[in-house]
1. Please go through (1) closer than 16 Å to B:T20 by Cβ; (2) open to solvent by 60 Å² or more (accessible area, probe 1.4 Å); (3) part of a strand (DSSP E or B) for B:P70 and return the number of the only condition it doesn't satisfy.
2. Of everything in the stretch B:1-53, what is among the small types (G, A, S), part of a loop (DSSP other than H, G, I, E, B) and modelled with pLDDT of 95 or more? Give them in sequence order.
3. Please pick out the residue among B:L32, B:L46, B:L61 that is open to solvent by less than 30 Å² (accessible area, probe 1.4 Å), without any contact (Cβ under 8 Å) to a residue 24 or more places away in the chain and of a type outside the set (D, E, K, R).
4. Could you count how many residues in the stretch A:10-49 are surrounded by 15 or more Cβ atoms within 10 Å (Cβ to Cβ), modelled with pLDDT under 90 and within 11 Å of chain B (Cβ to nearest Cβ)?
5. Under the condition of being closer than 19 Å to B:P25 by Cβ and of a type in the set (K, R), which residue from the stretch B:56-80 is nearest to the other protein chains (Cβ to nearest Cβ)?
6. Which one of B:T20, B:T110, B:T76, B:T13 is buried (at least 17 other Cβ atoms within 10 Å of the Cβ), more than 26 Å from A:Y32 (Cα to Cα) and of a type in the set (V, I, T)?
7. Which of (1) facing another protein chain (nearest Cβ under 9 Å); (2) surrounded by 16 or more Cβ atoms within 10 Å (Cβ to Cβ); (3) in a loop (DSSP other than H, G, I, E, B) does B:A97 not meet, given it meets every other one?
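The values are calculated or read from the model by the stated rules, or taken from the named source; none is laboratory data. Because the structure is a prediction, the values reported are computed rather than measured. When we count neighbours, we look across all protein chains shown, and the Cβ atoms used for this are built from the backbone with ideal geometry, even at glycine. All accessible areas refer to the heavy atoms of the entire protein, side chains included, with ligands and DNA or RNA removed. Shrake-Rupley method; radii C 1.70, N 1.55, O 1.52, S 1.80 Å.
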Amino acid sequence: AQSVTQLDSQVPVFEEAPVELRCNYSSSVSVYLFWYVQYPNQGLQLLLKYLSGSTLVKGINGFEAEFNKSQTSFHLRKPSVHISDTAEYFCAVSDRYGGATNKLIFGTGTLLAVQP
Amino acid sequence: DTGVSQDPRHKITKRGQNVTFRCDPISEHNRLYWYRQTLGQGPEFLTYFQNEAQLEKSRLLSDRFSAERPKGSFSTLEIQRTEQGDSAMYLCASSIAGHQTDTQYFGPGTRLTVL
């Protein structure tokens with residue numbers, strides 16, 4: 001079975017500071033990895049995804065993430081955050097060889113709180 | 001491309017009532033997923049359709065829950081005899097089989113409150 005751990009439930013950071021949101025996963029099989037963002041009372045928006053190839057993945061809004069197979073991690077980073085980045089961020093995995101479903105397994109989320 | 005839409009956005013009901021939610025996926029997306037998100041948690045998989053066939057159901061989906069996708073386009077999720085524990089955000093997502101490993105695009109969700 002797969003699982004995703006987001007150890008930080010909340011990350012406070014000042015505007016224009018860098019930020020890293022941590023994600024670790026557990027799986028006995030190869031996985032695809034995703035980061036989604038959720039603004040209040042909205043659905044999830046895809047930030048970026050790792051499917052294969054380069055381990056450094058760039059996404060929207062200046063975010064990037066690095067896949068580390070040995071550490072089973074997929075941490076999300078941004079060099080300079082804005083107030084508008086305040087939201088809940090979810091890391092998710094799906095089974096690379098999951099057959100028909102490709103359902104996503106999500107972590108519990110990290111609230112990024114950007115302060116002026 | 002108008003994105004995934006869900007209706008209603010909010011639903012308040014009394015315990016014991018039946019409710020039905022609708023999801024309209026992105027056109028030409030043949031895969032459709034339902035997830036449930038409770039407060040402070042990540043979304044949890046409920047069920048999945050490829051075209052009109054329901055191919056997987058989570059054990060979270062009790063027999064009070066039923067989902068359909070009759071013509072392989074929109075889908076409905078019905079909850080019978082609602083309980084307070086059913087209060088959650090119900091999210092729908094769609095994807096294209098085999099396209100970029102079925103990257104899922106989510107709708108805005110339906111927030112259910114059971115009184």
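1. So B:P70 meets the others, but not (3).
2. Across the stretch B:1-53, the qualifying residue is only B:G16.
3. On the way: B:L32 fails: without any contact (Cβ under 8 Å) to a residue 24 or more places away in the chain; B:L46 fails: without any contact (Cβ under 8 Å) to a residue 24 or more places away in the chain.
Among B:L32, B:L46, B:L61, only B:L61 is open to solvent by less than 30 Å² (accessible area, probe 1.4 Å), without any contact (Cβ under 8 Å) to a residue 24 or more places away in the chain and of a type outside the set (D, E, K, R).
4. 4
5. Here the answer is B:K57.
6. Exactly one of B:T20, B:T110, B:T76, B:T13 is buried (at least 17 other Cβ atoms within 10 Å of the Cβ), more than 26 Å from A:Y32 (Cα to Cα) and of a type in the set (V, I, T), namely B:T110.
7. (2)
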